[in-house]
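Asker: Handing you this structure, nothing more for now.
The values are calculated or read from the model by the stated rules, or taken from the named source; none is laboratory data. This structure is a prediction, so every number in the text was calculated from the model and none was measured. Reconstructed Cβ throughout: ideal geometry from the backbone, glycine too, with neighbour counts over all protein chains shown. Accessible surface is based on the protein model in full, side chains and every heavy atom, while ligands, DNA and RNA are left aside. Shrake-Rupley method; radii C 1.70, N 1.55, O 1.52, S 1.80 Å.
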2 protein chains.
Amino acid sequence: MANVKILCIGKLREKYLKEAQAEYSKRLSAFCRLSIEEKKEAPLPKNASVSELHKAIEQESESLLRASSGYKIALSPEGKQMTSESFAKMIKQHSQRGDISFFIGGSNGLSDKMKAKSDLVLSFSDMTMPHQLFRIVLLEQVYRGFMISSGRTYHK
Amino acid sequence: MANVKILCIGKLREKYLKEAQAEYSKRLSAFCRLSIEEKKEAPLPKNASVSELHKAIEQESESLLRASSGYKIALSPEGKQMTSESFAKMIKQHSQRGDISFFIGGSNGLSDKMKAKSDLVLSFSDMTMPHQLFRIVLLEQVYRGFMISSGRTYHK
């Protein structure tokens, strides 16, 4: 069974997001060993300078990178988009070879250095989504991916 | 205050989705008169033929179209994508002129006829999302749109 790691910044605040995460984690347990690691937000003063902001992003990205293993996928609106079917194929292919790690940045995103170190920079949308809600969208799509790969029907 | 209609198929099943919808509905009440109308799923036998499926999609699409007013936006993975900033501008522009209606199809999507009758066919992603979770993603983006247009900062 493949190891799938969701590496992200900060704890989920809303109860409904926690419940959604629990639901998809349960469903995913049929297909992979899922781990969700929540790394600390880097402290940032209220009126942070650009260099303080970059330092915080760098620090957060580093902590995600350190926890990763296997095929590294950074999530970013500037990344490459794929259909659910291509995403399913990609997950299947890499989960047969080793671990898969997904990186979700905090509210300030991921560092360019980290995107360069990732195997794939993936975008779900041209739109910006809140990183906490996005975690649910990603979990659902990983679940959908395993369902597609295993040839099961799945309600849209 | 603008009327924003979310016209969709079927009731939300999961408690966490209902709570997320309630949260964004509350937040949106600062910016618009939001109405969420849930139309009935068209009955479909288990092993439906292609023509039965098309008839059901047509029926659902018709019921959404009948409930709409103003600028009509059909949501579909095959539509045009935009950034959150362009989406915000578009909402601002049309909400100053009249109502805005968003159409979210059921698990079988929207009819081609209905997409042709819409003013805009909009895609959030090349990926397929479940229509119930997508409703939350749309509500969040509409809220984000109003926040951007009003020049307020909003946590990503």
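Asker: Set the bar at 32 Å for Cα to Cα. Now go through A:LYS40/B:LYS5; A:LYS26/B:LYS46; A:LYS11/B:LYS72 and name every pair that lies beyond it.
Answerer: Beyond 32 Å between Cα atoms: A:LYS40/B:LYS5; A:LYS11/B:LYS72.
Asker: Sticking with this structure for a sec: Where the convex hull is taken over the Cα atoms of chain B, what is its projected area averaged over directions, in nm²? List each step's numbers first, then the result.
Answerer: Numbers: hull surface 36.7 nm².
That works out to 9.2 nm², a quarter of the Cα hull's surface.
Asker: While we're on this one: Determine the dipole magnitude for segment A:48-156: charges of +1 sit on the beta-carbon of Lys and Arg, -1 on that of Asp and Glu, nothing else is charged, the reference point is the Cα centre, and the result goes in debye to the nearest 20.
Answerer: Working: 14 positive and 11 negative charges, 97 e Å.
Computed charge dipole of segment A:48-156: roughly 460 debye.
Asker: Sticking with this one: Once you order the gyration tensor axes a ≥ b ≥ c over the Cα atoms, which shape class does the protein assembly as shown get: rounded for a/c under 1.5, otherwise prolate or oblate by comparing a/b with b/c? Can you show the working numbers first?
Answerer: On the way: a/c = 2.03, a/b = 1.26, b/c = 1.61.
Oblate is the answer for the protein assembly as shown, as a/c is 1.5 or above yet b/c matches or exceeds a/b.
Asker: Compute a Gaussian network model of chain B, connecting alpha carbons closer than 10 Å, and tell me which residue from B:VAL50, B:VAL121, B:VAL137 fluctuates the most.
Answerer: B:VAL50
Asker: Give me, ordered by chain and number, the residues 5 or more places off B:SER123 or on other chains with an amide H under 5 Å from its own placed amide H.
Answerer: For B:SER123, the qualifying residues are B:SER76, B:GLY79, B:LYS80, B:GLN81, B:MET82.
Asker: Let me ask something additional. Through the Karplus equation 6.51 cos²θ - 1.76 cosθ + 1.60, θ set to phi - 60°, convert the phi angles of segment A:31-38 into ³J(HN,Hα) values in whole Hz; use x for Gly and Pro.
Answerer: My calculation for segment A:31-38 gives 10, 7, 8, 8, 10, 10, 10, 9 Hz in order.
Asker: Quick one: with label points 7 Å out along Cα→Cβ, list the inter-copy distances for B:THR83 in nm, shortest first?
Answerer: Ordered by increasing distance: 2.8 nm.
Asker: Here is a follow-up. Defining the label point at 7 Å along Cα→Cβ, can you sort the distances from A:THR153 to the same site in each other copy, shortest first, in nm?
Answerer: 5.0
Asker: What fraction of the DSSP beta bridges in segment A:2-149 is antiparallel, stated in percent and rounded to the nearest 5? All intermediate terms of the calculation are to be shown ahead of the outcome.
Answerer: Numbers: 1 of 23 bridges.
The answer is about 5 percent antiparallel.
Asker: To the nearest 0.05, how large is the calculated FRET efficiency for B:GLN93 and B:ASN3 if R₀ is 22 Å and r is the Cβ-Cβ distance?
Answerer: Efficiency, rounded to the nearest 0.05: 0.90.
Asker: Which of these, B:LEU110, B:LEU64, B:LEU17, has the largest mean-square fluctuation under a Gaussian network model of chain B (Cα springs below 10 Å)?
Answerer: Largest GNM mean-square fluctuation: B:LEU17.
Asker: With a 1.4 Å probe on protein heavy atoms only, tell me which residues of segment A:4-26 lose at least 40 Å² of accessible surface in the complex relative to the chain by itself.
Answerer: Residues losing area: A:TYR16, A:GLU19.
Asker: Shortest first and in nm to one decimal, what separations exist between A:SER51 and its copies in the other chains, measuring from label points 7 Å along the Cα-to-beta-carbon line?
Answerer: So the label point of A:SER51 gives 7.3 nm to the other copies.
Asker: Turning to a different aspect of this structure: Whole-Hz ³J(HN,Hα) for each residue in segment B:78-89, computed from phi via Karplus 6.51 cos²θ - 1.76 cosθ + 1.60 with θ = phi - 60°, x for glycine and proline: what do you get?
Answerer: For segment B:78-89, the Karplus curve yields 8, x, 8, 8, 9, 6, 4, 5, 5, 4, 4, 4 Hz.
Asker: ³J(HN,Hα) across segment B:92-101 via Karplus (A = 6.51, B = -1.76, C = 1.60, θ = phi - 60°), whole Hz, x for Gly/Pro?
Answerer: 4, 4, 7, 6, 7, 9, x, 6, 10, 10
Asker: Still on this structure, please answer the following. How big is the B-A contact in terms of buried accessible area, both chains counted, 1.4 Å probe, rounded to the nearest 100 Å²? Present the calculation step by step, with values, prior to reporting the outcome.
Answerer: On the way: alone 8920 and 8920 Å², together 14830 Å².
Summing both sides, the interface buries roughly 3000 Å².
Asker: Return the loop-located trypsin sites (Lys or Arg not before Pro) in segment B:20-77 (DSSP other than H, G, I, E, B) with at most 11 other Cβ atoms within 10 Å of their own Cβ; answer none if there are none.
Answerer: Values: sites: B:LYS26, B:ARG27, B:ARG33, B:LYS39, B:LYS40, B:LYS46, B:LYS55, B:ARG66, B:LYS72; in loops: B:LYS40, B:LYS46.
Counting only loop positions with at most 11 other Cβ atoms within 10 Å, the trypsin sites (Lys or Arg not before Pro) in segment B:20-77 are B:LYS46.
Asker: How high is the relative contact order of chain B, in percent, counting Cα pairs under 8 Å that sit 6 or more residues apart? Walk me through the numbers before you get to the answer.
Answerer: On the way: 247 pairs, mean separation 50.3, N = 156.
Answer for chain B is 32 percent.
Asker: A further question follows. Roughly what would the spin-label model give for B:GLU78 and A:GLU78, points 7 Å off Cα along C-beta, in nm?
Answerer: Distance between label points: 3.3 nm.
Asker: Tally the DSSP beta bridges in the protein assembly as shown and give the antiparallel ones as a percent, rounded to 5.
Answerer: Numbers: 2 of 46 bridges.
Roughly 5 percent of the DSSP beta bridges within the protein assembly as shown come out antiparallel.
Asker: Anyone know which of B:GLN21, B:GLN93, B:GLN141 comes out most mobile in the 10 Å Cα GNM of chain B?
Answerer: B:GLN93
Asker: Using only DSSP helix segments of four residues or longer, with each worth -39500 (n - 2.57), what per-residue ellipticity at 222 nm results for chain B after dividing by its residue count and rounding to 500?
Answerer: Numbers: 5 runs with 70 residues, N = 156.
Calculated from helices alone, the mean residue ellipticity at 222 nm is -14500 deg cm²/dmol.
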